[in-house]
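Asker: What follows is a single structure, and I will ask about it in a moment.
The values are calculated or read from the model by the stated rules, or taken from the named source; none is laboratory data. On a predicted model such as this, the values are computed, not experimentally measured, just so you know. Positions of Cβ are backbone-derived with ideal geometry, glycine not excepted, and every protein chain shown enters the neighbour counts.
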There are 2 protein chains.
Amino acid sequence: MTFTGLSCPLPVTTTDQVLLGHGSGGKLSAELVHDIFLPAFRNPILAELNDQAVLSINGSRLAFTTDSFVVKPLFFRGGDIGSLAVHGTINDLAMGGAKPLFLGAAFIIEEGLPMETLRKVAASLGRAATACGVQVVTGDTKVVEKGSGDGLFINTSGLGLVYPGVSPSASQARPNDVVILSGYVGDHGIAIMAEREGVEFDTPVASDSAPLHTLVASMLNVSCEIRCMRDPTRGGLSSSLNEIAQQSHVGISIEEAAIPIREEVRGACEMLGLDPLYVANEGKMIAIVDPSVADDLVAAMQRHPVGREARRIGVVTQANPGWVTMRTPFGTTRVVDMLPGDQLPRIC
Amino acid sequence: MTFTGLSCPLPVTTTDQVLLGHGSGGKLSAELVHDIFLPAFRNPILAELNDQAVLSINGSRLAFTTDSFVVKPLFFRGGDIGSLAVHGTINDLAMGGAKPLFLGAAFIIEEGLPMETLRKVAASLGRAATACGVQVVTGDTKVVEKGSGDGLFINTSGLGLVYPGVSPSASQARPNDVVILSGYVGDHGIAIMAEREGVEFDTPVASDSAPLHTLVASMLNVSCEIRCMRDPTRGGLSSSLNEIAQQSHVGISIEEAAIPIREEVRGACEMLGLDPLYVANEGKMIAIVDPSVADDLVAAMQRHPVGREARRIGVVTQANPGWVTMRTPFGTTRVVDMLPGDQLPRIC
C-alpha cells in the first residue's frame, strides 16, 4: 500500500477528529492523504500515489512499500493476519511490476495476548513468506498495555526489484485501453464479516487472500504493455477504478454483467446491505492494458491458478474523465462513485 | 531496529501470555525473538540480529530496517512520536554503516484522535525527514475503533545505501578493541518518564532524540576500522553492550566513571529507583573500534554537534566472553546484566 487516493483537489478535512471512515480506502481516506500526509511529506515519488514507491538506487529500480494490518478477527476462513500481512505487501510490490525479494515485519502486541496466538501467527507469516520466495530479514516488537491495543497489529514493509522495461502506474491508463479483472470480487470482505458477526452461509465464503506476484510475472512474460495494475483491497473494485480514472484523467466504463461475483457473496451482500463493488479483496487484481495485447494477457492469466476467472470487464474512455460508469444488464448506465466512508472497518 | 537479542541459546518462553516486559529490549524480548520469531522466519540475514538487514541487490549493498513507535505521551520535551519515528529508523540505518535514503511511514490511528494532533505529528515527521535528507516515499493509514488503540502508533521502515568497504556487525568485536560512547546516557527515558508522570525537575531533562547518520559519516571519513555500531535505545547502554558481548563471544569491560550521565538524570534515576545504564537513549551511539584508530575517531566525533561528549568508556576483553563487567570508582567490579523485564514501558 501507499497513500493512495484521488489526485484532484479535495476540500480540506471536514472533521476535527479522525473517524473510522478515514481508514476505509474511500473518500475520507483520500481527504486525509491530500490534506495531511502529502503536504507534510511532499515529494514527487509519494505524489504518484501508487501502491508502492519505485526508487532508482545505483542504477537498479527498486519497489518499496509499507502496510499495516489490523484485521479483526486475527484468524478467519482462508487465512489469518500473518498470511494476510505477507500477501498484502507482496501484492503491492507485484502491482508495481516488481519481483518481491525481502520483507520487514513489525509486531505491536497488546499485553496478555496468548503466546500460542503469537506463535501461530508468526509461523503462518513465515510459511507465507517462504511460499512466496521472500525472506523476512528485519523485524521489531513492541508491547502496549492491556486496553491500549487490540491483540495484535502487524506492519509489513517490502522490497522488490522492478522487471526491466516495466513501469505501470495509475496515471497511465489511456482511452481504448482494456480493463481486465483477475477473478471473483468480494470474497475477503464477506469472509471477515461472516467471521466477525457469526453469520453462517450454506456455502461458507473463504477469503481470497493470495499472492499475485507469479500471476504478474506470467503476464509480463506475454507483454510489457500493461499500463497499470492495482489490487482492489480496502474500498473494493470501485475505489481502485476511481483512483485510476482520476489519476489518469480518463473515464472508465465497466459492464456489470462481466464482473464475477459468487452467488453466496451476492446473497450475503444483499442481506447485509453491502455493495460487492465496495467490498475488499486480497487476491485479485485489475490490469489496464493496451487493446492489442488484451486477449493474450487474459489467456495467460486464465492459465494461472489465481487468474482462472480473469476476463475483460470494461474499457477506458476519453469521455467522462475522472469518472467510473457501469452499464447494467438492463442497458442503463450509472456512476460508480468512491465510497465516502466505511462499509466494513478493519478488513485488513 | 530488527529483532535484536542475545545469540546464545535461551530457555523457551516461560509465560503463556505476552507481558509488557517482552517489549523491553531486555531478556524477555530476546526470549520472544529466539523462541518465536527466529524459528518462524529462519534465514541467515535475520539471524545476524543487527539493527538492520544488509542486502545485496544487483551489486548494491542496501540496508533495510523497520521499527514501530508506541511512545506515550505523543509529545514530550525534545521531540514527539513523529520526529522520534524518523530518528529511530535513520539511526538503525546509520548503525549499519549506511547513508539513509528513503522512508516508509505507516499510521495506526485510534478513532477520535484530534485531527490537529495527527497534523502536528505528520508535519514533525516530514520536517525531521527533510532535515535528515530523506524522503517519505510510501505510506499507509489504518484506523481502529476507540478503545482498540492508544491515540497513534507509527511504523517507519527505512532504506539506505551501505558505504563501500564498511560492514559493521554486533558479531565483530575483538579483544583489545576500544568501546566509545558518543555522549550522555539516559536523557530520553527520563524525559518521557517525567512527562508521563508529571514529575518536574529544577533543570528539565529533554530527550536526546537526534539523527546520527552525519556523525557516522564523519567517523567513516576517518576510518573504516569500525567493527560495530549500536544505538542504545530500549534497554539502554547495558542491553546493547550485552548483545555485542554475546554475539561476538567476547567480554566487555567498562569504567563507571567514564560514562557521562547528567546530574539531573542521575538524580531522577535515584528518585525513581532506576539504573541509568538501562534507560533508553535516542540520539546516542556505541562504537567498537580498532585500538589504532580510537583516538582519531573520538576526536572526529567530538567535532560533530551530536558527538561533543564522545569518549572511551571501556575495552573488549578475551576474558569473560558473553559478559559485560564494570569497574566502579571504588576499584570493585560488577557484572552489568541485561534487564530481565521492563523498567519503562512504551519509551519509543
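Asker: Those residues that are surrounded by 23 or more Cβ atoms within 10 Å (Cβ to Cβ) and either of a type in the set (D, E, K, R) or within 7 Å of another protein chain (Cβ to nearest Cβ) (or both), I need them from the range B:11-39; list them, please.
Answerer: B:VAL18, B:HIS22, B:GLY23, B:SER29, B:LEU32, B:ILE36, B:PHE37, listed by residue number.
Asker: Got at least one residue in the range A:86-95 being buried (at least 24 other Cβ atoms within 10 Å of the Cβ), at the interface with chain B (Cβ under 9 Å from one of its Cβ atoms) and under 26 Å from B:GLN17 (Cα atoms)? Quick ask: steps written out before the conclusion?
Answerer: Residues of the range A:86-95 that are buried (at least 24 other Cβ atoms within 10 Å of the Cβ), as a first pass: A:86-95.
Next, only the ones that are at the interface with chain B (Cβ under 9 Å from one of its Cβ atoms) stay: A:92.
Adding the requirement that they be under 26 Å from B:GLN17 (Cα atoms) leaves none.
For the range A:86-95, residues buried (at least 24 other Cβ atoms within 10 Å of the Cβ), at the interface with chain B (Cβ under 9 Å from one of its Cβ atoms) and under 26 Å from B:GLN17 (Cα atoms): absent.
Asker: Of the residues that make up the range A:50-70, is at least one at the interface with chain B (Cβ under 7 Å from one of its Cβ atoms), in contact (Cβ under 8 Å) with a residue 40 or more places away in the chain, within 22 Å of B:THR66 (Cβ to Cβ) and surrounded by fewer than 24 Cβ atoms within 10 Å (Cβ to Cβ)?
Answerer: For the range A:50-70, residues at the interface with chain B (Cβ under 7 Å from one of its Cβ atoms), in contact (Cβ under 8 Å) with a residue 40 or more places away in the chain, within 22 Å of B:THR66 (Cβ to Cβ) and surrounded by fewer than 24 Cβ atoms within 10 Å (Cβ to Cβ): present.
Asker: Can you find even one residue in the range B:27-42 that is modelled with pLDDT under 90 and of a type in the set (Phe, Trp, Tyr)?
Answerer: No, the range B:27-42 contains no residue that is modelled with pLDDT under 90 and of a type in the set (Phe, Trp, Tyr).
Asker: Moving on. Tell me which residues, restricted to the range B:292-308, are under 22 Å from B:SER209 (Cβ atoms) and among the charged types (D, E, K, R).
Answerer: Kept after step one, since they are under 22 Å from B:SER209 (Cβ atoms), are these residues of the range B:292-308: B:301-308.
Those that are under 22 Å from B:SER209 (Cβ atoms) and among the charged types (D, E, K, R): B:ARG303, B:ARG308.
Asker: Additional query: If you take the residues of the range B:243-292 that are β-branched (Val, Ile, Thr) and in a helix (DSSP H, G or I), which of them is farthest from B:ASP80 (Cα to Cα)? Please lay out each step first, then the result.
Answerer: Looking only at the range B:243-292, we keep the residues that are β-branched (Val, Ile, Thr), and these are B:244, B:250, B:252, B:254, B:259, B:261, B:265, B:279, B:286, B:288-289.
From the residues that got through so far, the ones that are in a helix (DSSP H, G or I) too are B:244, B:265.
Values: B:ILE244: 29, B:VAL265: 20 Å.
Result: B:ILE244.
Asker: Is there a residue in the range B:208-229 that is assigned to a strand (DSSP E or B) and either touching a Lys or Arg at 6+ places or on another chain (Cβ under 8 Å) or within 14 Å of chain A (Cβ to nearest Cβ) (or both)?
Answerer: Filtering the range B:208-229 down to residues assigned to a strand (DSSP E or B) leaves B:226-229.
Checking which are either touching a Lys or Arg at 6+ places or on another chain (Cβ under 8 Å) or within 14 Å of chain A (Cβ to nearest Cβ) (or both) leaves us with B:227.
Yes: one or more hits.
Asker: Among the listed residues A:VAL143, A:VAL185, which satisfies the condition of being surrounded by 24 or more Cβ atoms within 10 Å (Cβ to Cβ), within 8 Å of chain B (Cβ to nearest Cβ), in contact with a Lys or Arg (Cβ under 9 Å, 6 or more places away or on another chain) and of a type in the set (Val, Ile, Thr)?
Answerer: Among A:VAL143, A:VAL185, only A:VAL143 is surrounded by 24 or more Cβ atoms within 10 Å (Cβ to Cβ), within 8 Å of chain B (Cβ to nearest Cβ), in contact with a Lys or Arg (Cβ under 9 Å, 6 or more places away or on another chain) and of a type in the set (Val, Ile, Thr).
Asker: Take A:ASN281 and tell me if it is in contact with a His (Cβ under 7 Å, 6 or more places away or on another chain) and more than 14 Å from chain B (Cβ to nearest Cβ). Spell out the reasoning first.
Answerer: On the way: in contact with a His (Cβ under 7 Å, 6 or more places away or on another chain): yes; more than 14 Å from chain B (Cβ to nearest Cβ): yes.
Against the criterion (in contact with a His (Cβ under 7 Å, 6 or more places away or on another chain) and more than 14 Å from chain B (Cβ to nearest Cβ)), A:ASN281 qualifies.
Asker: Out of (1) surrounded by fewer than 24 Cβ atoms within 10 Å (Cβ to Cβ); (2) facing chain A (nearest Cβ under 7 Å), the odd one out for B:PHE76 is which?
Answerer: With respect to (1) surrounded by fewer than 24 Cβ atoms within 10 Å (Cβ to Cβ); (2) facing chain A (nearest Cβ under 7 Å), B:PHE76 is out only on (2).
Asker: Does B:GLU200 satisfy the criteria of being over 21 Å from the mean Cα position of the chain (by Cα) and assigned to a helix (DSSP H, G or I)?
Answerer: On the way: over 21 Å from the mean Cα position of the chain (by Cα): yes; assigned to a helix (DSSP H, G or I): no.
No.
Asker: Further question on the same structure: For the range B:149-173, what are the residues that are closer than 20 Å to B:VAL137 by Cβ and of a type in the set (Val, Ile, Thr)?
Answerer: Keep residues of the range B:149-173 that are closer than 20 Å to B:VAL137 by Cβ, which gives B:154-162.
Correct list: B:ILE154, B:THR156, B:VAL162.
Asker: With the requirement that a residue be of a type in the set (Gly, Ala, Ser) and either free of Cβ contacts under 8 Å to residues at least 40 places away in the same chain or more than 17 Å from A:LEU103 (Cα to Cα) (or both), what does the range A:71-90 give you? If you could, list the steps in order and put the result at the bottom.
Answerer: The first filter runs over the range A:71-90 and keeps only residues of a type in the set (Gly, Ala, Ser), leaving A:78-79, A:82-83, A:85, A:88.
Across the range A:71-90, the qualifying residues are A:GLY78, A:GLY79.
Asker: Let me ask another. Do we have A:THR141 as more than 21 Å from the chain's Cα centre (by Cα), among the hydroxyl-bearing types (Ser, Thr, Tyr) and not in a loop (DSSP other than H, G, I, E, B) here? Please lay out each step first, then the result.
Answerer: Values: more than 21 Å from the chain's Cα centre (by Cα): yes; among the hydroxyl-bearing types (Ser, Thr, Tyr): yes; not in a loop (DSSP other than H, G, I, E, B): yes.
Criteria met by A:THR141.
Asker: When you scan the range A:98-142, how many residues do you find that are among the polar types (S, T, N, Q), within 23 Å of A:ASP51 (Cα to Cα) and touching a Phe, Trp or Tyr at 6+ places or on another chain (Cβ under 8 Å)? I'd like the intermediate steps shown before the answer.
Answerer: Going through the range A:98-142, the residues among the polar types (S, T, N, Q) turn out to be A:117, A:124, A:130, A:135, A:138, A:141.
Those left that are additionally within 23 Å of A:ASP51 (Cα to Cα): A:130, A:135, A:138.
Next, from what is left, pick out any that are touching a Phe, Trp or Tyr at 6+ places or on another chain (Cβ under 8 Å): A:135, A:138.
Of the residues in the range A:98-142, 2 are among the polar types (S, T, N, Q), within 23 Å of A:ASP51 (Cα to Cα) and touching a Phe, Trp or Tyr at 6+ places or on another chain (Cβ under 8 Å).
Asker: Another question, then. Within the range A:96-106, does at least one residue satisfy the condition of being free of Cβ contacts under 8 Å to residues at least 40 places away in the same chain and more than 15 Å from the chain's Cα centre (by Cα)? Give the derivation first.
Answerer: Step one: of the range A:96-106, the residues free of Cβ contacts under 8 Å to residues at least 40 places away in the same chain are none.
There is no residue in the range A:96-106 that is free of Cβ contacts under 8 Å to residues at least 40 places away in the same chain and more than 15 Å from the chain's Cα centre (by Cα).
Asker: Also, I was wondering about something else. Can you pull out the residues in the range B:55-71 that are among the aromatic types (Phe, Trp, Tyr) and within 24 Å of B:ASP150 (Cα to Cα)? Show your work before the answer.
Answerer: Of all residues in the range B:55-71, those among the aromatic types (Phe, Trp, Tyr) come to B:64, B:69.
Selection gives B:PHE69 alone.
Asker: Across the range A:147-158, what is the total count of residues that are in contact with a strand residue (DSSP E or B) (Cβ under 6 Å, 6 or more places away or on another chain) and either more than 7 Å from chain B (Cβ to nearest Cβ) or free of Cβ contacts under 8 Å to residues at least 40 places away in the same chain (or both)?
Answerer: Here the count works out to 5.
Asker: Return yes or no: is A:GLU282 within 20 Å of the chain's Cα centre (by Cα) and more than 24 Å from A:GLU225 (Cβ to Cβ)? Lay out the reasoning, then the answer.
Answerer: Values: within 20 Å of the chain's Cα centre (by Cα): yes; more than 24 Å from A:GLU225 (Cβ to Cβ): yes.
So A:GLU282 passes the test.
Asker: If you don't mind, another one. When the range A:208-227 is examined, which residues are found to be more than 22 Å from B:THR141 (Cβ to Cβ) and under 19 Å from the mean Cα position of the chain (by Cα)? Give the derivation first.
Answerer: Step one: filter the range A:208-227 for residues more than 22 Å from B:THR141 (Cβ to Cβ), giving A:208, A:210-227.
Scanning the range A:208-227 gives A:ASP208, A:ALA210, A:PRO211, A:LEU212, A:HIS213, A:THR214, A:LEU215, A:VAL216, A:ALA217, A:MET219, A:ILE226, A:ARG227.
Asker: For the range B:96-126, which residues satisfy the criterion of being part of a loop (DSSP other than H, G, I, E, B) and at the interface with another protein chain (Cβ under 8 Å from one of its Cβ atoms)? Give the steps one after another, and end with the answer.
Answerer: Within the range B:96-126, the first condition is being part of a loop (DSSP other than H, G, I, E, B), and the residues that meet it are B:96-97, B:111-113.
Within the range B:96-126, B:GLU111, B:GLY112, B:LEU113 qualify.
Asker: Further question on the same structure: For the list (1) in a strand (DSSP E or B); (2) among the aliphatic types (A, V, I, L, M); (3) under 12 Å from A:VAL136 (Cβ atoms), I need the number of the one condition that B:VAL54 fails.
Answerer: Tallying (1) in a strand (DSSP E or B); (2) among the aliphatic types (A, V, I, L, M); (3) under 12 Å from A:VAL136 (Cβ atoms), B:VAL54 fails exactly one: (3).
Asker: Based on this model, can you work out whether B:ARG303 counts as surrounded by fewer than 18 Cβ atoms within 10 Å (Cβ to Cβ), closer than 23 Å to B:ALA98 by Cβ and out of contact with any Ser or Thr (no Cβ under 7 Å at 6 or more places or on another chain)? Let's see the steps before the verdict.
Answerer: Working: surrounded by fewer than 18 Cβ atoms within 10 Å (Cβ to Cβ): yes; closer than 23 Å to B:ALA98 by Cβ: yes; out of contact with any Ser or Thr (no Cβ under 7 Å at 6 or more places or on another chain): yes.
Yes: the conditions hold for B:ARG303.
Asker: Looking at the structure I just gave you, is A:PRO175 surrounded by fewer than 21 Cβ atoms within 10 Å (Cβ to Cβ) and within 11 Å of chain B (Cβ to nearest Cβ)?
Answerer: Answer is no for this residue.
Asker: Sticking with this one: Which one of A:SER248, A:SER292, A:SER253, A:SER238 is surrounded by 17 or more Cβ atoms within 10 Å (Cβ to Cβ), touching a residue at least 40 places away in the same chain (Cβ under 8 Å) and farther than 18 Å from A:ARG334 by Cβ? Lay out the reasoning, then the answer.
Answerer: Working: A:SER292 fails: surrounded by 17 or more Cβ atoms within 10 Å (Cβ to Cβ); A:SER253 fails: farther than 18 Å from A:ARG334 by Cβ; A:SER238 fails: farther than 18 Å from A:ARG334 by Cβ.
Exactly one of A:SER248, A:SER292, A:SER253, A:SER238 is surrounded by 17 or more Cβ atoms within 10 Å (Cβ to Cβ), touching a residue at least 40 places away in the same chain (Cβ under 8 Å) and farther than 18 Å from A:ARG334 by Cβ, namely A:SER248.
Asker: Okay, moving on. Somewhere in the range A:60-82, is a residue closer than 27 Å to B:LEU161 by Cα, assigned to a strand (DSSP E or B), at pLDDT below 95 and over 19 Å from the mean Cα position of the chain (by Cα)? Full working, then the answer.
Answerer: Pass one, the range A:60-82, residues closer than 27 Å to B:LEU161 by Cα: A:60-68.
Those left that are additionally assigned to a strand (DSSP E or B): A:60-68.
Then drop every residue that is not at pLDDT below 95, which leaves A:60.
Narrowing further to those that are over 19 Å from the mean Cα position of the chain (by Cα): A:60.
Looking through the range A:60-82, at least one residue is closer than 27 Å to B:LEU161 by Cα, assigned to a strand (DSSP E or B), at pLDDT below 95 and over 19 Å from the mean Cα position of the chain (by Cα).
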